[in-house]
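What follows is calculated from the coordinates using simple rules that are stated; it is not laboratory data. Please read all numbers here as calculations on a predicted model, not as lab measurements. No Cβ is skipped: glycine too gets one built from the backbone with ideal geometry, and neighbour counts run over all protein chains shown.
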Amino acid sequence: MINQLRRRVTIQKSTKIKNSEGAFTTVWTDVATIWAGIKPLRGREYFQAAAVQAENTVRFHIRYRKGIEPAMRILYDSRIFDIQSVIDVNERHKEIELMCKEVDA
């Protein structure tokens, strides 16, 4: 799968910043812009609070990189994906699968 890394994505992490009024705000900062392979897994609609919600799960493949964790997110083509799990494929430190859910902006 490594040879199919054709999409440019940005990995971001959140930071809490205290504003002048003492309230905390979440700010997303770029960790890295890298090449990735993308494979949509499923699309699902469900009802929540009397409104139809769309859920899109996507698998991103990237080269192995330390420090990637589920609290991070991916930006791809003006879309946002929350990282749900980080899988070191075969525990060989060669590639990582990131299971993500798309976020409605």
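Full extension of the chain between Lys16 and Gln4 yields a length gain of 0.8 nm, computed as 0.36 nm times the residue separation minus the alpha carbon distance. Taken along the Cα-to-beta-carbon direction at a fixed 7 Å, the label points for Lys66 and Ser78 span 3.8 nm. Subtracting the Cα-Cα distance of Ile87 and Asp104 from their residue separation scaled by 0.36 nm leaves 3.7 nm.
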